[in-house]
Structure formats: structure tokens, C-alpha cells
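Step one of this worksheet: look at the structure below.
Every read-out reported here was derived from the displayed coordinates using simple, explicitly stated rules and does not represent laboratory data. Nothing here was measured: the structure is a model prediction, and the numbers come from that model. Cβ coordinates were reconstructed from backbone atoms using ideal geometry, including for glycine residues, and neighbour counts include every protein chain displayed.
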Amino acid sequence: MRTRVLLLVLALVAATLGGSAAAAPAGNAVVYPIVADPTFNPWHPRAFVESIFPNRVIYNGLTKPGKNLQPAPDLAERWEVSRDGLTWTFFLRRNVRWHDGTEFTADDVKFTYGIVTDPKMGAQGAANFRVIKEIQVVDKYTVRFILTTPAASLATFLGTNAGIIPKHAFEGMADPWAHDAFNKRQPIGTGAFKVGQYVPGSHVTLVRHDQYFLGRPQLDSITFKVLPDANAQIAQLISGDLTLIMVDNPSSARALQSRSDIAVSTVLQTNFYWLAVNHTLPWLADVRVKQAMMYAIDRKAMINGFLAGYAREATGIISPALSFYYRSGSVKTYEFDRAKARQLLAEAGWRPGPDGILTKDGRQLKFALTYPRVQFFEQLAALIQQYFRAVGIEVTHDGLEFNQFVSQRLLPRRYEVMAGWWITPSDPDFFNHVHSSNAERGFNIPLYPGKESDRLLEEGRASSDPAQRARVYEQWQRLVAEELPYLYLWWPFEIRAINRRLSGVPAIGLRDAFQYTHEWSLR
Amino acid sequence: MTAYVAHRLLHALLVLFVVSVLTFALVSLAPGGPAIMATMETTLEQREAHRVRLGLDRPLHVRLGKWLLSTARGDFGRSFNDGRPVLEVIGERLPATLLLGGAALAASLAAGIPAGVLSATHRYSTYDHSVTFLSFVGVSIPAFWLAIMLILLFSVELRWLPGSGMATIGAGFSLSDRALHLIMPAVVLATTALPQLLRFTRSAMLEVLSQDFVRTARAKGLSPRRVLYGHAFRNSLIPVVTVVGLLIPRLVGGAVITESIFGWPGMGQLAVSSAIGRDLPLVMGVTIVVALAVILTNLTVDLAYGWLDPRVRYE
């Protein structure tokens, strides 16, 4: 009996000690941390932030973000847009090989966007492609998209987490999300690296795809290591186990700056942080009240306080990272100024009550600030409360766990004022976030109804000529700086820390930079 | 004895059923929804599509009934969020957790029991005082702090030990490599488990040493060694076994903080992320595994009492 138990225990120990023993090539290897096991399908509803990085390497889109953030060719060598902006023709690159050797063709594009545009599939990022009505295969290397309305930003969206997936790998699969062998183990892409070894919970090693259409990559492999803890990531960057990281907590950046073997740099992002006033509440939607709120907040102090200075005060929605479209000179800005805030509130008819809180027609200027309990939002909410109280606005806190925040407040649009942020593609088109048609079901969180803004947003999508678009978006930026569909807080800097042995990482957001891994090299 | 075990196993089924129903109801009624339906980018259409695909449009009792039936047949369903079979996902994580938990437990037992016995036999000595002090330090140290300090010292400064994962990436499997990766996380886990064992061994030993049969043994003229290990030790083990019985289910459930910091692919991270992501089938799977661990450990502990102390009878 005892020997049998002992044997059983030994067998168990052996089983647990064992595990995958297949070796992946070492040598010229880059290691990057991700927070959880990835899903190797950019359209899978479960493909969140942990999957973005590997998928940008494994797959190619029709376009990709250029180094100047204008859309650049990728699987599509070039594209033409019809005069009315409704027909887009993509001329595909020839002799592109999938990781399994099969040739990439227009059928793969049609297959991919067939899934994306099927509302029953609930594909990740599908909202960006709602304008696509039909996908036509013209010939093996030409594909045509027919749109319902003109959408110039499509060129950008087609290059952002929009990898083309191979039709032949999904042959006979009724539900592409249930194709575990592809989505969770061995995906097939066209990218510079392909999956070599995957150990769930530990790491995935991508190895060089020698037939990559932009030439043989210089690195041998890129490993994505599952390491959710931010402090552990920093420790491992210092010890050399990781080659580069994105620093989440700005105050940790200082610790890395003193090291000679690590280069810390910042890149301005297109992300922006905001407060959204619920525009269905007329007493809050009053533009004077919104402007007063902007004047009442000391954004500079907040940025220096909990972002260690790693952000830029936002003057609008379009980030300076989009240098071609961003305009600062002609737009209204809001320097911290309590006197102006009080004056605007007085003009709007709000008078201090006995307790110091402003009142008008028997209503107190008082609201709940809804925010997710992640990142630095607790501090943000506490400071906003103080700043607003100083001008007579009373704020109560409604902080929620992220999941609840989204499903109980954001999606049903149940809030007075909400704090949040958007991570957006590198395009000035904020139709999804500001146009009134997206108020109930899209991303127009503040439920902003502005007709003039709607008109300009439609015009901005209608033309594919960047110069023409820039003119339209300049008007729009002036308008939304006055009208404040969102109350702009800041554009955060992305902080990346890179081992100096690694070179060739372009100075654009790191997510986008992973679409250039074939140019990276190690010394 | 057989009747007792059979009775206990029947009881276990009932417990499992109650635990399942309660967990299912709690997670289903918790505010929020599966992570794939609750991102800021999810549109109403997408939410609707997922609700239908996941069967969430059906009433709670129907879903619970379906889950119970399929689970009874051994099918735990598929994860809401990544769509894979629950057993496959758990199967990837459980061995890593058993290895880490087992190593931590073995280390705690190997060090804690002798140290506790020594503490008891040398009560109020300098040794006893320092061990007591260290125990309190060990119980009080937060795991996240200790883990980072160990990494900074042994991985960053001295470069003796690997800072994360279960194996060197790219290298083939080797026992020594696995053992090196195991040291730091196991030490962090053992730092809280060991003092408990030590303190319980100490007090149990002290109690036994003051009992009549020990005095009799001494009066018979047995050597102190014989008295200690032949008579007192085995009798002092009952409370120790009880503590071990409490530690094991905790180790099976995984240690979230230690796993996150050391990138250890265990159950703790899975349990937390599935709860946060409202991944009902996965939460249920993890719950069943932990519930089974509790039930089986309790049964084993109860049986061990009888082996340790033949006066204990099972009826």
C-alpha cells in the first residue's frame, strides 16, 4: 500500500515537473511582457490588450500606421477611392506567403471582413467597420469595398488591430471564435514572425518568418512573456530578462532614467482623458457651465501630481501626435482661472446658496462623478471634487469596479458626469466618439447632440484628400474647443524603456512600432 | 471505516451541489457581465450578439439546470471569454500550482516542525525567543514586498536566481532549471505558511510534554530522545495535521500575488481574472476544484487522526 502511494506521488511530481520540453531558439531574441495569455486572432472578442502586441507581429493589415502616423501600404500596395468616396479598391501585394506557405489572395481579405461586418459575430473593433456594405473580389490581387457613407478614416482603421486572417485555416469551421487550434495555439499569419513555442501562462515565442514580404527580419525571435506585475516588469528589464517595456506608472520612470544600459523615452499618444457631461441634462449641458468647469480645474497640477509630468494638457480631442491635423493656435484654451469660472457660472444664472453651493431655480449645482476604480482615477476624482467645490460646485463620488463601470453606467448611459479615456486610432476622425448618431449605441459617451459638429465630422470623412480634411478638421477643432462635447483633461505620454542593445524601434506608439519588428535589431 | 468513508463521500456530493448552486447564483447575479461584453468599445449590437451566443438570454434557473446536467456528465462547458473548454484551461494551470504549493508546503513542514519541536523543548531560551520573533515577522511581511525584494537581490543584483516563470525560455527542460525557478516563489509562499506550522507544533508539543504519560515515560528511565520522538511527538501531531489540512486547499486555490509577481502560470491568476471577467463557467470550474480539495483534505485529515491516535474511532 505504502509503496503504491509513494509511486503515485512520484508520478504526480514527475508530471508536474515535466511540461513542455520543446526548445525554442535563443540568441538574437527580444523579450516583451504581456499581462495574460494572448488570443492569436485580432478579431476575437476576447483579444484584449494582452493580444494586441503579438497579433501586430503575426499579422498584417491592408494598411499600417506610417512612421508619420498617416496610413501606409501593407498587404495593399496601393488603393484608390472613387469620387463619391463610396468605392475603395485595394491592389494587393503579390507573392505574399502565409506562415504555412500558402499564397495570400483577395479571398482572404473578403473572408476576414465578412466576419468583421457580420453583426452576429461581435468581432473586436467591428464598430470601426460599420460603413462597409459589401466586399467584392475583383481578381486574385484586387479587392473592392463598397461603403454606405464616405469614410476617409477607413484607411487608418484598416491598419489598426485589423490583421487579415487566412481563409484556408478556417475551412469547415462554423464558429471562428471556437477554432482553438488556431486562436489559442498555432495561428497562421503573414507577419514577420510566426508562433514557434507557446506555453500557456508562461510565454509565447515567435520565430522569424524567412519569407516575410518586406525581407528577412534581423531578429531571430520575439518572446512575449506573461508577467502582469508592473514592478516585476521593471525588475526584469533591469536584470536583462526583458528587452523593452511600456512603463505604466509614470513615477517608476524616474528609477529607470538613471541607468546607463536603458533608454527611457516618451511618445505623445492619440489617447485622451476626459470628463463627459451628460448632455441630456440641460443644466449641465449649458456651454457656460462646461467652460467654467474647464477653467476650474488645474490640469497642470494634476499632471505634475499623479502623472509625474508625463502628459500634455489637452486643448481638444485631436492629439498633437497627428501633427498634420492638429491645430493649437486658433483654438480656445482654458488656463486654470477660478475667477473666470465663477464669472461664467454667474452669467449662466447660478448664485451661491447659504451653504456656498451654487443654486439656480431651486436646483443645486451638484452631481455625481462616475469613474472606474483603475489607474489614478481615485486621485483624479478627489482633486476634481476639491477644484469644483472651490467655485461652488458640489461633487459626489461614484467610483466603480471597471466591469460594473462599463456595464452599469457607461453602456446604459446612466450618469451625470463621467471620467474616462479613449485609446483611438491615428486618425482625426472622431465620428464614432462625437457624432450624434453614436450617442445611444456608439462611443458618444457625453451624448453630445451638436449639429454643426455632426456636419463637419461628415465632411471630414467625405474627402480622402488630406489637405482638404485638414481644413475641415481645423474648423471642427475650433468648434469643439468652444462647445466642449468632452471636457479635455490631457494627452498622456507613452513611456517606454528599452535596453540600449535594441535599435530600430520607430518613435511612434509602441503598439504601432510592433508593426515594424522586421527592422528591429540587437547588438 | 468503509461505511464511514462512503458516508463522507456522499456528504461531499451534497456539499459540492450546494457550493455549485450558490456560486452559480452569486456570480450570475453579480453586477456587470462577461469581459467580452464589458469593454468600453463594446457596442450594443456586439453585446446582444454575445448574449445570445453565450446563452445569457435564457433565465437563470434554466442555465443552472443545464450547467448541473452537463457537469454531472463531466462536461464543464467552455469559458465565456476565450471559448476554450474549462477543463483544458484548468488543466494547464493546476500542475503549476500543485508544484509551487507542494514545494512551499514541503519546505514549511521540513523546517517548521523540527523548529517548533526545538522551540518547545527549549522554551523561553534565546532560540525560542528569536524563532518566535521571526515567526511574527514572517506572518506579517506582505508577499508583494518580499517577492520584489528577493527579485531585486537574487535576480537583479546577485544574478543567482531567475526572476520569473517556470523555466528558462528557449532552453530545454531540466530538473535543475525548474528547481531554480521554484526557489523564490516557494520561499515567499512558505514565509507565511511556515510560522503557522511552527507555532502550532510548539504549543501542541508543550501541551503533550506536560501530560502524565510523558512523565511516566521519563520515570521509566527512557532517554529524553526516546521520550520526545517515540511518545510525545506523534501525539502532538493532531493539531499540526489540522493546520496542514487548512493550508492545502489554500495552496491549491493558488496564490495570486506571488504568481503575478513571479509570472508563475498557476490557478490564482486564473481564479481572479475569471471572477473579474465574470467568466461563469471558468469560475465554476475553479470553485469545484477548490471545493474538491477542501473536501478531500478534510477527509484525509480526519482519517489521519485515527492513524495518529488509535483511540479515535470512526462510526
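How many Cβ atoms of partner chains, on average, are near each residue of B:44-52 if near means within 10 Å of its Cβ?
Per residue, the number of nearby Cβ atoms from other chains is 5 on average.
Would you mind estimating how fast segment A:299-338 diffuses translationally, via Stokes-Einstein at 25 °C and 0.890 mPa s with the Kirkwood radius over Cα pairs, in µm²/s? Working shown, then result.
Numbers: Rh = 11.5 Å.
Translational diffusion coefficient: 213 µm²/s.
Take B:I183, B:I36, A:I393 and order them by how many other Cβ atoms sit within 10 Å, fewest up front. Let's see the in-between values first.
Details: B:I183 16, B:I36 27, A:I393 24.
Fewest-to-most Cβ neighbours within 10 Å comes out as B:I183, A:I393, B:I36.
Just name one of A:L147, B:G285, B:G138: the one whose Cα is farthest towards the positive end of the charge dipole of the protein assembly as shown (beta-carbon charges, Lys/Arg +1, Asp/Glu -1).
With unit charges placed on the Cβ atoms, the residue in question is B:G138.
Please report Rg (one decimal) and Dmax (integer) in Å for the Cα set of segment A:400-513.
17.3, 53
Positive end of the dipole of the protein assembly as shown, charges at C-beta (+1 Lys, Arg; -1 Asp, Glu), about the Cα centre: which of A:L456, A:N55, B:S174 has its Cα farthest in that direction?
Of the candidates, B:S174 comes out farthest on the positive side.
Efficiency by 1/(1 + (r/R0)^6): what FRET value for B:M40 and B:L68, r their Cβ-Cβ distance, R0 = 25 Å, to the nearest 0.05? Walk me through the numbers on the way to the answer.
Numbers: r = 35 Å, r/R0 = 1.38.
My answer for the efficiency is 0.10.
At 222 nm, what value in deg cm²/dmol follows for chain B if DSSP H runs of at least 4 each add -39500 (n - 2.57) and the sum is divided by all its residues, to the nearest 500?
Numbers: 12 runs with 219 residues, N = 315.
Counting only the DSSP helices, I get -23500 deg cm²/dmol.
Could you work out, for segment A:67-202, what percent of all Cα-Cα pairs fall into each 5 Å distance bin, beginning at 0 Å and stopping at the bin that holds the largest distance?
2, 9, 18, 22, 21, 16, 8, 3, 1, 0, 0
Taking the Cα centre of the protein assembly as shown as the origin, how large is its charge dipole in debye, to the nearest 20, when only Lys and Arg (+1) and Asp and Glu (-1) carry charge on their Cβ atoms? The partial results should precede the final answer.
Details: 83 positive and 67 negative charges, 333 e Å.
Computed charge dipole of the protein assembly as shown: roughly 1600 debye.
How large is log10 of I(q)/I(0) for the protein assembly as shown at q = 0.06, 0.11 Å⁻¹ when the intensity is taken from the Debye formula with one equal scatterer per alpha-carbon?
Once normalised to I(0) and log-transformed, intensities are -0.48, -1.36.
Peptides A:375-385, B:299-309: what's the order by average Cβ count within 10 Å, highest mean first? Could the numbers behind the result be given before it?
Details: A:375-385: 17.8, B:299-309: 15.1.
So the order, starting with the most tightly packed, is A:375-385, B:299-309.
Using the charge dipole of the protein assembly as shown (Lys, Arg: +1 at Cβ; Asp, Glu: -1 at Cβ; taken about the Cα centre), state which of B:T201, A:T117, B:M37 has its Cα farthest towards the positive end.
In the protein assembly as shown, that residue is B:T201.
Just tell me how shielded B:164-177 is by partners: mean number of partner chain Cβ atoms within 10 Å of each residue's Cβ, no decimals. Walk me through the numbers on the way to the answer.
Working: counts 14, 9, 8, 6, 2, 15, 14, 4, 5, 7, 1, 2, 0, 0.
Shielding by partners across B:164-177 averages 6.
Cut-off 10 angstrom, C-alpha nodes, Gaussian network model of chain B. Which of B:G245, B:G263, B:G65 fluctuates the most?
Maximum among the listed residues: B:G65.
Provide A:Y32, A:Y325 in ascending order of the number of other Cβ atoms located within 10 Å of each residue's Cβ, fewest first. Could you put the intermediate results ahead of the total?
Working: A:Y32 21, A:Y325 24.
Fewest-to-most ranking of A:Y32, A:Y325: A:Y32, A:Y325.
For the Cα atoms of chain B, what angle does the longest principal axis make with the long axis of helix B:86-121, in degrees from 0 to 90, nearest 10?
20
Against the globular-protein guess of 2.2 N^0.38 Å, express the Cα radius of gyration of segment A:137-291 as a ratio, rounded to two decimals.
Numbers: Rg = 22.4 Å, N = 155, 2.2 N^0.38 = 15.0 Å.
Ratio of Rg to 2.2 N^0.38 Å for segment A:137-291: 1.50.
Between B:L146, B:L16, B:L44, where does the largest GNM mean-square fluctuation fall for chain B, given springs only between Cα atoms within less than 10 Å?
B:L44
Using all C-alpha to C-alpha distances in segment B:45-188, build P(r) with 10 Å bins and read off the rounded percent in each one.
9, 22, 22, 19, 18, 7, 2, 0
Return the ratio Rg/(2.2 N^0.38 Å) for chain B, where Rg is computed over Cα atoms only. Walk me through the intermediate numbers first.
On the way: Rg = 23.9 Å, N = 315, 2.2 N^0.38 = 19.6 Å.
That ratio works out to 1.22.
Return one number: the angle in degrees, 0 to 90 and rounded to the nearest 10, between the long axis of the Cα atoms of helix A:338-347 and the longest principal axis of the Cα atoms of chain A.
60
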